[in-house]
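Since the structure comes first, as structure tokens, the remarks are kept for the end.
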Amino acid sequence: MTSPHDLFIDGQWRPAADGRRFPVHDPADGSELAQFAAATEADCLAAVDAAADALAGWSATPPRQRSELLRATFDVLTEEREQLAALITAENGKAYADAIGEAAYATEFFRWFAEEAVRIGGDFRLSPSGDKTIVVRRDPIGVAILVTPWNFPAAMATRKIAPALAAGCSVVLKPASQTPLTAAYVVDVLRRVGVPAGVVNLVTPVPAGPAVSAMLHHPAVRKLSFTGSTEVGRVLLHEAADQVVSSSMELGGNAPFVVLPGADVDAAVEGAMVAKMRNGGSACTAANRFYVHDSLVEEFSTRITAAMKAVTMGPGADRSNDLGALVSPEERDKVAGLVDRAVAEGANLALGGETPEGGAFYPPTVLTDVKHGSEINQTEIFGPVTAIVGFSDVDEAVAMANDTIYGLISYVYGDPAQALAVAQRIDSGMVAVNRGVLSDPAAPFGGTKQSGLGREGSSEGILEFLEEKYIGIEV
Ligand SMILES: O=CCCC(=O)O
């Protein structure tokens, strides 16, 4: 389980210009895993310069060759998935089962986009007046800044790097400061398979804000792809506006999980456990608000409480644990504060709710009789907390599901025809019908409203890194 602890600029691992470093911790016990290079603003701008210098060569590299490098990355990461998973667990704290799942998910983006790299289309048509031939090419948009979060430190990086490289863009990756080791591992695999110097660069500025702003004001930068909170996304959109940098934003969620009258409660609880507990609840896709029809709410609450009670919590590296630590004591305290205030407002604590000693752990927790519109109902929890609200009619459930600034993902359980009808009325970029998980490199991931702009994965994902060029030819 090794990974570089330095910046990667122009094909070289190197320390920060001023030699500064910052600690990376294991959230399970607070021990220090590494001292990682803290990039200066000058390092970040040097990384953009390197990406700008590499752009022409990479964009002119035949798509088949780009594709083969992505495929080689897929092969190496598949071979080394256990090492990658161990690193994810060590610095993020998640359970090993979640980490190995993430390693497979992350790796798959390289295979998917290796296949897309050789399918970049365009258009060729006669103008309606017949005066010219319209040719539409799709060219790489240019240098891309990729800013990724700590909750899926491998998958959120590969979901951006793979389409960018497939499109012919060069990139500067800025991973979260809590989880740089996983990102460095992935970047080193790209180096090992032979991706040319300067095409992929990695910087870890601390604090990040001023350096990311400086990169977004570099004239060579044409693309920003960000995954993280809506709050930070909004700031980055303002920064990107100065140079009119194209921006893809995968932001926060507040996913409703609707259980319709007549739903199969066993299936709903099984799906709810996946939708809630995948990644220990630290996912933008995590079910956040459970709206359960009054006729089923008691049975659903009893069964999900039993299922949550059976979850074993402990260090993620111990493979017998289902639930690992949250990424930091600060994140744990945020979750605990939401639960404490919900209880103070009158929600019933059916399970959990007590912060254990030692490590950034928070136990599986169930709240019933939660009020729609309360703080916990309108905030992305990002932890293992199930907050249940009853409803009496389907129109009310749809209205409550839509009553949020977010629109990333929703879950609906019920008779398939009724569930599909409800899915069509919910305003979110993704809706899972009688399923607890949707994420798939082959499907378009993204949200409506303040959950984001653009789509990742699928054939749509590469379009975020391509720009159309119209060439008109005299007939
Ligand atoms: O947390 C955000 C991403 C989750 C996923 O890709 O499934």
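Read-outs throughout are calculated quantities, based only on the coordinates presented, and are distinct from any laboratory measurement. What you see is a predicted model, and the numbers here were worked out from it, not measured in a lab. All Cβ positions, even for glycine, are placed from backbone atoms using ideal geometry, and neighbour counts span all protein chains on display.
Details
- FRET efficiency, 1/(1 + (r/R0)^6) with R0 35 Å, evaluated for residue 460 and residue 417 via beta carbons: 0.80
- Within-9-Å neighbourhood charge of residue 316 [Cβ basis; K, R +1; D, E -1]: 0
- Computed from Cα positions, the angle between helix 230-241 and the longest principal axis of the chain comes to roughly 20 degrees.
- Sequence-distant aspartates and glutamates (8 or more away, or on other chains) whose Cα lies within less than 20 Å of residue 334: 26, 29, 91, 231, 345, 354, 357, 375, 380
- Cα centroids of the stretch 283-299 and the stretch 68-86: 37 Å apart.
- Full extension of the chain between residue 375 and residue 403 gives 8.8 nm of extra length, using 0.36 nm per residue less the Cα-Cα distance.
- A protection proxy built from the mean count of other Cβ atoms within 10 Å ranks the segments 126-133, 462-469, 236-243, most packed first, as 462-469, 236-243, 126-133.
- Low-density loop positions, trypsin sites (Lys or Arg not before Pro), the stretch 245-310 - DSSP coil, at most 16 other Cβ in 10 Å: none
- Neighbours of residue 103 by Cβ distance under 12 Å: Lys/Arg scored +1, Asp/Glu scored -1, total -4.
- Residue (of 400, 55, 100) at the positive-pole extreme of the chain, dipole from beta-carbon charges: 55
- The fewest-to-most ranking of 26, 340 by surrounding Cβ atoms within 10 Å reads 340, 26.
- The residue list 470, 418, 219 was ranked by how far each Cα lies along the charge dipole of the chain toward its positive end, using unit charges on Cβ atoms, and 470 comes out on top.
- Distance between the 7 Å Cα→Cβ label points at residue 134 and residue 192: 4.8 nm.
- Centroid-to-centroid separation of the stretch 312-344 and the stretch 413-475 [C-alpha atoms, Å]: 31
- Values of log10 I(q)/I(0) for the stretch 255-433 across q = 0.14, 0.19 Å⁻¹ run -0.68, -1.25, by the Debye formula with one identical scatterer at each alpha carbon and no solvent.
- Sorting 381, 405 by the number of Cβ atoms found within 10 Å of their own Cβ, with the fewest placed first, yields 405, 381.
- Cα centroid separation - the stretch 369-409 against the stretch 168-222, whole Å: 36
- Here the stretch 254-404 carries DSSP beta bridges of which approximately 20% are antiparallel, counting only pairs with both residues inside.
- Net length gained if the chain between residue 244 and residue 60 were fully extended (0.36 nm per residue, minus Cα distance): 63.8 nm
- Cα-centred dipole magnitude for the chain, charges only on beta-carbon of K, R (+1) and D, E (-1), debye, nearest 20: 1120
- Cβ-derived FRET efficiency at R0 41 Å, residue 206 paired with residue 75, nearest 0.05: 0.75
- The residue among 228, 172, 27 whose Cα reaches farthest toward the positive pole of the charge dipole of the chain, with charges on the beta-carbon of Lys, Arg, Asp and Glu, is 172.
- Given their separation in residues at 0.36 nm each and the Cα-Cα distance between them, residue 424 and residue 118 gain 106.8 nm when the chain is fully extended.
- Residue order, fewest to most beta carbons within 10 Å, for 119, 14: 119, 14
- Residues of the stretch 281-305 with amide N under 15 Å of the 7 Å Cα→Cβ point at residue 344: none
- Ordering of 247-259, 191-203 by packing [mean C-beta count within 10 Å, highest first]: 247-259, 191-203
- Prolate/oblate/rounded call for the chain, Cα gyration tensor, a/c under 1.5 rounded: oblate
- Among the listed pairs 132/160; 160/449; 223/469; 174/309, those beyond 28 Å (Cα-Cα): 132/160; 174/309
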